[in-house]
Structure formats: structure tokens, C-alpha cells
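Okay, structure first, notes after.
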Amino acid sequence: MRVVIAVQAELTHFLGMVPLGWALRTAGHEVRVATQPELAAAVAGSGLTAVPVGRDHLGRRLLKLAESLGQDGDPGFDLTEDRPERLTWEYLRDGYREIVPWWLRVINEPLVADLVAFCREWRPHLVLWELTTFAGAIAATASGAAHARFVWGPDLFARMRGHYLRLMNAQPPAEREDPLAGWLGGHAARFGAVFTEDLVLGQATVDHLPPSLRLAGGPRPLGVRYIPYNGRAVVPSWLRTPPRRPRICLSFGLSSIGRAGYEVAGQEILDALDGLDAEFVATFSDRERAALRRVPGNTTVVGHVPLHALLPTCSAMVNHGGPGTLLTGLAYGVPQLVLPRLFDEPALAANLAARGAGLAIDGAAVTGAAVRDRVERLLAEPAYTAGAARLRAEMRAMPSPNALVAELETLAAGRTPIEAGHGRQGEA
């Protein structure tokens, strides 16, 4: 097959797709990662083939502008909302009116035309598109390819879409407004197609969350085991020496720190952990390190360290709840204290805590004393390590990326890519 992986320029979203991309390659399929120019170097660094398409989006600049204007940059529409009393038609309608033009269009519009042109030229049999990269669904439809979403965290989009359609269909016909269908349907019409829900949810969904951490209400996914990949990595010499005391990793992710709406009290946390009989490794960004006034004697502050090399040596970790960070910890059976704040982090942290694999503190209410208390509990109470081990076993029982390839081949079987009428056509 020829396979396109379509991903907007968000590094952490791409990293989770790399193992499946390589599984497709080692099965003999041709793979191209179509992304905005900003991400092309990271794609090439993964060993997969990058195809820069379109222009870089302005999403991060808009967040910084919102922050400069005194706003938190977070949409008022909370996709994690699931309380019936809050899920009114007016709340969902107004939410879609906000996130479609100010988020989804911002990151996708610079991609659509060039991605469609590439797919019509290269004629893929399958397009795998990252959860927010709806341009991939449009390009697949325009080129006759099968297509599937790749979900990197709790499937908030699918659950909220279900709520939306249920409430919309209960409205009088004249009031059944659907901003998402209107936007996607407009693009489909440009390429001779009509809107269907496949443009929202794909013809299939690939999900690497273990079943017990998924949300109810979404489509039944094609499960795939999470394989930690943190980019090109070099193991530092100090990491080759086993720790003499319990080692705890502090990591707040590649994509959260420095963004509008997320701050972590790094100095306060380190001060509170001072004197604890443990060894702390803080993987802090340049911005976080520059803000530190002092580093306690039981803490080592470093820049990028590959988590898949660090976490097997750890007894616990403290993190922000980003899916990549959290799942990497679970892949090694590490109990976690999660400090969630943005998007899907609260939902994922709540499910982790409910499964007994760790604890959570609302990121907006974090104090150093609270973090120390929870870290001491993780180290003292074996139940959390046992809970993390159960989730690790559940993840290991999921199909490997190599095993999933056969499912994707079946999805693509029988699809005949549309002739572009121009350009050199690849061989099937």
C-alpha cells in the first residue's frame, strides 16, 4: 500500500504515531508523513519520509496573543464536559461556533489544498490522520483513499460529537445548526464529495489508550499498544548508574509548559521535596530552568532526557497528564502524581486515579506541600505500584503496531485511488 500519515505541526501528536508508521514500513508499505513545514525536520529525524505541505498554522501565535491580552487562551467550550445539566443545546452550539473557526480552521486551512493535491498525485490507499487534522479526512475523500483517525488521548471529540448530534436532532429543523459539518462539507463539495460523519470520525479509529482509560460513548476503536517514542535520543552516562534511593521523575511535557493557560510552580515543588529521602530528576524546559532560584541537593535538573530510558529506573513520577508522558510512565509500570490543567489531561488523570495507578491534583490548585504529601503516599503505599502494574499488563495485552497493520490492510482493501489526471502515478 501507499499510506499517508497526515498530522498538523504538533510534535507530541506526531511522536505517538511513529511506531505505527514504522510498522507499516517494515511490513513493506510506502509511507509518507504529510505535515506543515515546521514539523518536517522532526519527521525526517524519526526516520520516516516527510512531505511538507501547505503553510505553518498560526495557532500558537493566537494563544500567545490571547495571553498578552490577559486571556488564558483556552476555549470557553470544555470538551471534557459530561454533566447532563451543563450539556444544553445552547452550550454545545455556541461551543462549536467557537472551536471550529478559532481552532480547527486555524490549524487545518493552511493544509487542505496542498494536502489534497499531494494525495491526488501520489494516490494513497490509506490516510491515517491525527485527531485534529481534519484536512487528512478531506484529502482522503478527494483522492478515494480509505482513512482512519489516530486518537492520542481520551476521545473527547467523538463523545462530544455524539452529544451534539443527539441534541441537534431534537431541535426544530430550521434550528439544526452544525458549524463543523458546514465547514467540512464545504471542502468536500469543492472536491466533488458530500459531507458524511466519516469526515468527523474517520472510517475507523486507531487508539492506543488501554480500554480501562478510554471514555464511554465513542466509536469502538482499533486498539494498538502504546510504544514509547520520544524522538532521537542519547542516554546520558549518569543514567546508566542505578539509583541508590527511590528515583522520582518530574516532567511537565513538551507541549504544555510555556503555553497560555498552563503554569506549574516548579520552584515551590522542588523546595517542598527538599529533604525527602529520594532522588528527583526534573526534566525542565529552558524557561523553567531559568526561573529557578535554587536547586535542592536531592534534585538533578536536566533538559531533554528520553523518558523511555529514564522511567525504567524510577519508583514514581510527577507530570502534567499529557497522554504521551502518562502512557510512557504506564508502559513501565510507574505510579504517577498527575497535575492536570488543559484539554484532555483532567479526564485522563481522573481515570488513572480511579484505576488505582496514581493520584491527581487539579493543576490550578497545586501547592508544594500537596505535591510532597502525594509523593510520599506513592512511595509508601504499594497499592499504587500494583495499580500501575495492572495497567501496564493491560497495555501489553493490546495488539502491537505490527499486528495492527493487517487490520489497516483490510480497511484499505478494495479502495481504488482516484486518478489525478496529472503527475506521475505510483505503482500499487
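The values are calculated or read from the model by the stated rules, or taken from the named source; none is laboratory data. Predicted model, so just to flag it, every value in this text is computed and none were measured. Because the Cβ atoms are built from the backbone with ideal geometry, glycine has one as well, and the counts that use them run over all protein chains shown. Areas reflect the complete protein model, heavy atoms only, side chains present, ligands, DNA and RNA absent. Shrake-Rupley method; radii C 1.70, N 1.55, O 1.52, S 1.80 Å.
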Original post:
Relative contact order, percent, of the range 318-426 when contacts are C-alpha pairs under 8 Å separated by at least 6 residues?
Top reply: 26 percent
Original post:
Residues with amide H under 5 Å of Ile5's amide H, sequence separation 5 or more or different chain, H placed in the peptide plane at 1.01 Å from N; which?
Top reply: Arg32, Val33, Ala34, Leu128
**OP:** Pop out the carbon and sulfur fraction of the accessible area of the chain as a percent, whole number, probe 1.4 Å.
**Re:** 52 percent
**OP:** Report the net charge of residues surrounding Met395, where surrounding means a beta-carbon distance below 13 angstrom and charges are Lys +1, Arg +1, Asp -1, Glu -1.
**Re:** +4
Original post:
With each run of n ≥ 4 DSSP H residues scored as -39500 (n - 2.57), what mean residue ellipticity at 222 nm is computed for the chain after dividing by its residue count and rounding to the nearest 500 deg cm²/dmol?
Top reply: -12000 deg cm²/dmol
Subject >> Along each principal axis, Cα extent of the range 205-325, largest first, Å >> reply: 49, 35, 27
Subject >> Cα-based helix-to-principal-axis angle, 105-122 vs the chain, degrees rounded to 10 >> reply: 60 degrees
Original post:
Glu98: accessible area at probe 1.4 Å, nearest 10 Å²?
Top reply: 70 Å²
Original post:
Taking the radius of gyration and the Kirkwood hydrodynamic radius from Cα positions alone, what is the Rg/Rh ratio for the range 276-321, to two decimal places?
Top reply: 0.95
Subject >> Within-14-Å neighbourhood charge of His304 [Cβ basis; K, R +1; D, E -1] >> reply: +1
Original post:
Expressed as an acute angle from 0 to 90° and rounded to the nearest 10, what is the orientation of the C-alpha long axis of helix 345-354 relative to the principal long axis of the chain?
Top reply: 60 degrees
Subject >> Check: the chain dipole with +1 on Lys, Arg Cβ and -1 on Asp, Glu Cβ, in debye >> reply: 980 debye
Original post:
What angle, in degrees between 0 and 90 and rounded to the nearest 10, separates the Cα long axis of helix 134-143 from the longest principal axis of the Cα atoms of the chain?
Top reply: 30 degrees
Subject >> Heavy-atom surface of the chain, accessible at 1.4 Å and reported per residue (Å²) >> reply: 41 Å²
Original post:
What is the distance in Å between the Cα centres of the range 302-357 and the range 1-44?
Top reply: 24 Å
**OP:** Evaluate Rg over Rh across the range 287-428, taking Cα atoms for both radii and Kirkwood's formula for Rh.
**Re:** 1.16
